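The values are calculated or read from the model by the stated rules, or taken from the named source; none is laboratory data. Being a predicted model, the structure only gives us computed values, none of them experimental. Because the Cβ atoms are built from the backbone with ideal geometry, glycine has one as well, and the counts that use them run over all protein chains shown. We work out accessible area using only protein heavy atoms, side chains counted, and drop any ligands, DNA or RNA first. Shrake-Rupley method; radii C 1.70, N 1.55, O 1.52, S 1.80 Å.
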Amino acid sequence: MAVYTPTTKGKNYHGGIGALNANSNGTSHTARSSFTAEASGTVGITISAGLSITINAMIGKIEQKYNVDLSASLTAKLGNTIQVDTPAHKTTHASYGVYRLRSVGTSYVIYSNCQTSAKKAIISYTPHYVGWYIWETN
């Protein structure tokens with residue numbers, strides 16, 4: 001019997017689709033910046049070696065333990081737009097793509113003679129949601 005137990009929920013990591021966007025505001029007033037996704041793409045799950053169960057079963061265990069909705073893959077679609085305020089003398093950067101949840105779990109096999117295989121730490125980055133990552137620089 002294959003076993004997987006989630007042990008640590010990490011943070012979300014953004015994987016951008018297409019080129020980075022930036023608007024620089026050289027004025028002394030706040031300016032409105034608008035960013036539109038000009039590329040689309042699909043981001044899938046990444047898993048370290050040694051998983052003893054199916055990907056879907058692993059996703060189900062993580063969803064159940066941490067009360068999140070995950071997918072084996074998500075598509076960031078063309079044309080999504082966001083508007084944000086860019087403060088005076090700042091540059092607003094924007095990247096559109098898929099956020100993936102990093103999680104760690106333990107995977108092993110229990111054999112019919114009740115012996116177990118070596119336990120392996122499994123690190124996964126599982127698609128969680130599509131969205132913009134926004135930040136400012138001077």
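Only residues that are in contact (Cβ under 8 Å) with a residue 40 or more places away in the chain and part of a loop (DSSP other than H, G, I, E, B) were counted across the stretch 104-122, and they come to 1.
Number of residues in the stretch 34-54 that are outside any loop (DSSP other than H, G, I, E, B) and open to solvent by 70 Å² or more (accessible area, probe 1.4 Å): the value is 1. Among the residues of the stretch 55-73, the one identified as open to solvent by less than 30 Å² (accessible area, probe 1.4 Å), under 16 Å from Ile122 (Cβ atoms) and part of a loop (DSSP other than H, G, I, E, B) is Leu70.
Provide a single number: the residues in the stretch 15-33 that are surrounded by fewer than 16 Cβ atoms within 10 Å (Cβ to Cβ) and in contact with a Phe, Trp or Tyr (Cβ under 8 Å, 6 or more places away or on another chain). Residues that pass the stated criteria total 1. The single condition among (1) part of a strand (DSSP E or B); (2) surrounded by 16 or more Cβ atoms within 10 Å (Cβ to Cβ) that Thr8 does not meet is (2). Among residues that are part of a strand (DSSP E or B), under 18 Å from Trp135 (Cβ atoms) and modelled with pLDDT of 95 or more, Thr92 is included. In the stretch 89-118, the residue that is surrounded by the fewest Cβ atoms within 10 Å (Cβ to Cβ) out of those that are hydrophobic (A, V, I, L, M, F, W, C) and within 16 Å of Ala49 (Cβ to Cβ) is Ala118.
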